[in-house]
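Have a look at the structure below before the remarks.
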Amino acid sequence: MGTIKKPENFFIAKIKILKRSSINDPEGNTIAEALNNLGFGGIGSVRIGKYIEIILESKDKKTTEGIVKKMCETLLVNLVIESYDIEIGEYTTS
C-alpha cells in the first residue's frame, strides 16, 4: 500500500512558549505569591507558559526547524505578547 518510513525521517519538535517579559503575567504573579506564602522564600518571579511537542516527518533537521517555525508564527504563538524557543531532535520509538 505504501513504503515503510525510516525512523530517521521523523523528528520531535519541543516548543516552549512564554509571555514576553514586558507583558504582565497575572498567573505567574499569583503562583509566586502563593509560593512565598507557603514558605518558599527567594522567589523572584514566575512566568507561566505553554509546552508543545510535535512529532513530524521531514527530510532533515534544518527543514524541520523551518516548518515548525512557520507553525509557531502562523498558529501556535501570539507574536504580539509571546516569545518562543524551538528544540529539534531525532524521534525514536524506543
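Only the coordinates and a few stated rules stand behind these numbers; no lab work does. All figures in this text were calculated on a predicted structure; none of them were measured in a lab. Here the Cβ is made from the backbone with ideal geometry for all residues, glycine too, and neighbour counts use every protein chain on show.
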Cα axis of helix 61-71 to longest principal axis of the chain: angle in degrees, 0 to 90, nearest 10? 60 degrees
Under the Karplus relation 6.51 cos²θ - 1.76 cosθ + 1.60, θ = phi - 60°, what is the ordered set of whole-Hz ³J(HN,Hα) values for region 10-16, x standing for Gly and Pro? 10, 10, 10, 9, 10, 10, 10
Determine ³J(HN,Hα), in whole Hz, for all residues of region 48-53 in sequence, where each value follows from phi through the Karplus function 6.51 cos²θ - 1.76 cosθ + 1.60 and θ = phi - 60°; x replaces Gly and Pro. 9, x, 10, 10, 10, 10
Pairs of alpha-carbon atoms within less than 8 angstrom and 6+ residues apart define the contacts here; what relative contact order does the chain have, in percent? 48 percent
In Hz, Karplus ³J(HN,Hα) per residue of region 37-44 (6.51, -1.76, 1.60; θ = phi - 60°; x = Gly, Pro): 5, 8, x, 8, x, x, 6, x
I81 long-range amide H proximity, modeled H, under 5 Å: none
Tally Lys and Arg at +1 and Asp and Glu at -1 over the other residues with C-beta under 11 Å from the C-beta of K16: what net charge comes out? -1
Using just the helices of the chain, give the 222 nm mean residue ellipticity in deg cm²/dmol: DSSP H runs with n ≥ 4 each add -39,500 (n - 2.57), and the total is spread over all residues, rounded to 500. -7500 deg cm²/dmol
Where a ≥ b ≥ c are the square roots of the eigenvalues of the C-alpha gyration tensor, would you call the chain rounded, which needs a/c under 1.5, or, failing that, prolate if a/b is larger than b/c, or oblate? prolate
